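J.: Let me give you the structure first, and then I'll get to my questions.
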């Protein structure tokens, strides 16, 4: 078959489709979004009836994927690393119940935090849940690993994680496809002793999971993802995931001859690891992410033969590069031209003409009238209002946190207690917080910037927008007179200021919905209309 | 053969179209490719870059190592300077001279030109003017690809075929404008 140029994320998607996928479930999150988008665009996926619309959040996505698996079909669930925190309850417990049809969790970590609030390493979750983790190093390996992951999941009846990081997910390479496999037939498993996690069942299932561990290790020993590379000398390298790429690149560029053990499937293949450690005086541990395995190798009392992120041989934080690994292997740092002093930063900003700009302009004017000026915010394009010229928001912690944090601050006596959240983030994790506010009759003003889309990740469908959003607020019990609709446009500035003033003064729950379509989605629609001649 | 190319610009300036053309030409020519892109937050008016690597042998890293880029191809002059640590000794800078000013402290153009002048015979292009002459200001990125063509290691005819493949779905008129833009850039650079 022809080679196709695919992003790592797209290789995951195409691999899943070709491996007989029946459904993908996901909430957008950089760098994982393109997996689901690819499946949504795929003609083959459509022809084979692969389910692919967006879920409200990562937890609902995971549970739906688990349900599909119980019914016997192969399902894929995709998220960014922090999304797995949201889905963790479902994920951890699905390792106890086990699965029926293959269930693969594709999770994309973001070391160096290009688009994230932390650089947590999803391999921790793999160890925590005691399930197999695959960490391919190239786009082709990602593609091939999807077949392997589904087969593995069905053979050991556990969910399998496919972990990647930003650089692999957002990098293109040629990928050769394999033959497409049929989808599984519907074969819902009746197994309440597995799937009902009451303590008497859970104890048995947990013991089964523990008993499986040596088998998982054996499977890693024969995995194509774990391979030794011949070499000589006293220094060996154990290279995980795309760490392998930088090691091989450094070896080639600097003529370094050393043994390498490439790791792409966990739990670790013990004999291969032992062999490397026995043959070498010093072992460099190269992991993209946290030093998860380096810490295990060192143990509590440490080991003098191990080098890596924990002794400064490699930096403790941030993503790896060929340069960092080359220096860690003894190469001289490259002599380079410095960035000229005149080169200033070009921080990202809200788009020209974006409705959020007008919303924050009004908010800033009203906040200045108050002694306390503290705005709780959330995760989306509007987080950019933390930067000048607006400097309008003062928190961004996790999805949906703006509302609940405003409640706590109001309880502490802060007035006004203001939250700013987007429609998609509200649908993801804001609704339950709003219910808390209503139940407490908390004096908070929640501004929902409804731009009708999940804008930051590129304009995906938002579940809680327009009239649905208003109905949700009503349904959760916000008083009709305190659900205020504004249109964030220059010409409405005075009106909008007046609305905010009134609601800040109200000692109860207010929701101000700022309704204006995202300028990017509007432009996209226009381009599409122009292209089709309408 | 191996070429490491840094593509630079500001979010929304179309550097990924340049990458797509080179990718197409390299892939259909049987070469190995790694092309890392920036998605997500930085795309909103921030600095964006793409590391593009092509070779006739196996490539491992998606990222270019410091001091090993054969070419920095930038559609914005300040952005060309941002990636100088990646430039190999003897590497080439090809950049548009159209500034994209969305911050208050954007440096003076004379300073930028002076810094660009410290690199080895940089190719400096008034791309907007040429693109308009070709038929559309939006074809500025293809002017830049044309100006950089001789340093990509790929036959210009294959790059033109890539332009046809990429813009074909948008109609013949668009293809013609982009081919014209590409050739204008190429002519300027070959002088």
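J.: Going by the conditions given, is residue A:234 in contact with a strand residue (DSSP E or B) (Cβ under 9 Å, 6 or more places away or on another chain), surrounded by fewer than 22 Cβ atoms within 10 Å (Cβ to Cβ) and farther than 21 Å from residue A:332 by Cβ?
T.: In short, no.
J.: Further, regarding this structure: Name the residues in the range A:64-89 that are surrounded by fewer than 22 Cβ atoms within 10 Å (Cβ to Cβ) and under 16 Å from the mean Cα position of the chain (by Cα), would you?
T.: Across the range A:64-89, the qualifying residues are A:82, A:85, A:88, A:89.
J.: Mind counting the residues in the range A:244-266 that are out of contact with any strand residue (DSSP E or B) (no Cβ under 8 Å at 6 or more places or on another chain) and either surrounded by fewer than 22 Cβ atoms within 10 Å (Cβ to Cβ) or at pLDDT below 95 (or both)?
T.: Matching residues across the range A:244-266 total 6.
J.: Determine which single condition residue A:351 fails, assuming it passes every other condition in (1) crowded, with 17+ Cβ neighbours inside 10 Å; (2) under 19 Å from residue A:500 (Cβ atoms); (3) in contact (Cβ under 8 Å) with a residue 40 or more places away in the chain.
T.: For residue A:351, the exception is condition (2).
J.: Filter the range A:438-447 down to residues that are touching a strand residue (DSSP E or B) at 6+ places or on another chain (Cβ under 8 Å) and farther than 14 Å from residue A:474 by Cβ, then give me how many there are.
T.: 5
J.: When the range B:102-116 is examined, which residues are found to be farther than 13 Å from residue B:81 by Cβ and surrounded by 12 or more Cβ atoms within 10 Å (Cβ to Cβ)?
T.: Of everything in the range B:102-116, those that are farther than 13 Å from residue B:81 by Cβ and surrounded by 12 or more Cβ atoms within 10 Å (Cβ to Cβ) turn out to be B:102, B:103.
J.: Let me ask something additional. Looking at (1) assigned by TED's automatic domain parsing to the domain that holds residue A:139; (2) over 27 Å from the mean Cα position of the chain (by Cα), which is the only condition residue A:237 fails?
T.: In the conditions (1) assigned by TED's automatic domain parsing to the domain that holds residue A:139; (2) over 27 Å from the mean Cα position of the chain (by Cα), residue A:237 misses (1) alone.
J.: Which residues, taken from the range A:45-82, are part of a strand (DSSP E or B) and in contact with a helix residue (DSSP H, G or I) (Cβ under 6 Å, 6 or more places away or on another chain)?
T.: Residues satisfying the conditions are A:74, A:75, A:76, A:77, A:78, A:79.
J.: List pairs: first residue in the range A:319-336 and more than 7 Å from chain B (Cβ to nearest Cβ), second residue part of a helix (DSSP H, G or I) and surrounded by fewer than 20 Cβ atoms within 10 Å (Cβ to Cβ) anywhere in the structure, Cβ distance under 7 angstrom, at least six positions apart or on different chains.
T.: Close Cβ pairs (under 7 Å, with a partner that is part of a helix (DSSP H, G or I) and surrounded by fewer than 20 Cβ atoms within 10 Å (Cβ to Cβ)) amount to A:326/A:253; A:326/A:254; A:331/A:254; A:333/A:327.
J.: Out of A:420, A:366, A:325, which single residue is farther than 29 Å from residue A:509 by Cβ and surrounded by 20 or more Cβ atoms within 10 Å (Cβ to Cβ)?
T.: Every option except A:325 fails the conditions.
J.: Please tell me if residue A:106 is surrounded by 22 or more Cβ atoms within 10 Å (Cβ to Cβ) and under 22 Å from residue A:167 (Cβ atoms).
T.: yes
J.: Checking residue A:24 against (1) surrounded by fewer than 24 Cβ atoms within 10 Å (Cβ to Cβ); (2) touching a residue at least 24 places away in the same chain (Cβ under 8 Å), which single condition isn't satisfied?
T.: It fails just one condition, (1).
J.: So which residues in the range B:119-160 are surrounded by fewer than 22 Cβ atoms within 10 Å (Cβ to Cβ), more than 22 Å from residue B:25 (Cα to Cα) and out of contact with any strand residue (DSSP E or B) (no Cβ under 7 Å at 6 or more places or on another chain), if there are any at all?
T.: Of everything in the range B:119-160, those that are surrounded by fewer than 22 Cβ atoms within 10 Å (Cβ to Cβ), more than 22 Å from residue B:25 (Cα to Cα) and out of contact with any strand residue (DSSP E or B) (no Cβ under 7 Å at 6 or more places or on another chain) turn out to be B:121, B:126, B:128, B:129, B:132, B:133, B:135, B:136, B:137.
J.: Here is a further query. For residues that are facing chain A (nearest Cβ under 7 Å) and farther than 27 Å from residue B:28 by Cα, tally how many sit in the range B:45-86.
T.: The qualifying residues number 10.
J.: Listed residues A:194, A:157, A:203; which is at positive phi and out of contact with any strand residue (DSSP E or B) (no Cβ under 9 Å at 6 or more places or on another chain)?
T.: A:157
J.: Got at least one residue in the range A:270-288 being at positive phi and crowded, with 18+ Cβ neighbours inside 10 Å?
T.: no
J.: Could you count how many residues in the range A:292-313 are under 27 Å from residue B:59 (Cβ atoms), touching a strand residue (DSSP E or B) at 6+ places or on another chain (Cβ under 7 Å) and not in a helix (DSSP H, G or I)?
T.: Result for the range A:292-313: 3.
J.: Any residue at all in the range A:357-368 that is in a loop (DSSP other than H, G, I, E, B) and at pLDDT 95 or above?
T.: Checked against the condition, which is being in a loop (DSSP other than H, G, I, E, B) and at pLDDT 95 or above, the range A:357-368 yields no hits at all.
J.: Quick check on my filter: what residues within the range A:2-22 are more than 20 Å from residue A:164 (Cα to Cα) and more than 14 Å from every other protein chain (Cβ to nearest Cβ)?
T.: A:20, A:22 - these are the residues of the range A:2-22 that are more than 20 Å from residue A:164 (Cα to Cα) and more than 14 Å from every other protein chain (Cβ to nearest Cβ).
J.: State all residues of the range B:22-35 that are at the interface with chain A (Cβ under 9 Å from one of its Cβ atoms) and in contact with a helix residue (DSSP H, G or I) (Cβ under 6 Å, 6 or more places away or on another chain); if no residue qualifies, say none.
T.: Passing the criteria: B:24, B:33, B:35.
J.: A follow-up question, please. Give the residue, chosen from A:507, A:502, that is out of contact with any helix residue (DSSP H, G or I) (no Cβ under 6 Å at 6 or more places or on another chain), more than 14 Å from chain B (Cβ to nearest Cβ) and in a loop (DSSP other than H, G, I, E, B).
T.: A:507
J.: Do we find that residue A:173 is on the phi < 0 side of the Ramachandran plot, away from chain B (no Cβ under 14 Å) and touching a residue at least 12 places away in the same chain (Cβ under 8 Å) in this structure?
T.: Considered against the rule, which asks whether it is on the phi < 0 side of the Ramachandran plot, away from chain B (no Cβ under 14 Å) and touching a residue at least 12 places away in the same chain (Cβ under 8 Å), residue A:173 comes out as no.
J.: Looking only at the range A:330-348, how many residues end up being surrounded by 15 or more Cβ atoms within 10 Å (Cβ to Cβ) and more than 30 Å from residue B:119 (Cβ to Cβ)?
T.: Count: 0.
The values are calculated or read from the model by the stated rules, or taken from the named source; none is laboratory data. These figures come from a predicted structure and were not determined experimentally. Every residue, glycine among them, receives a Cβ derived from its backbone with ideal geometry; neighbour counts consider all protein chains shown.
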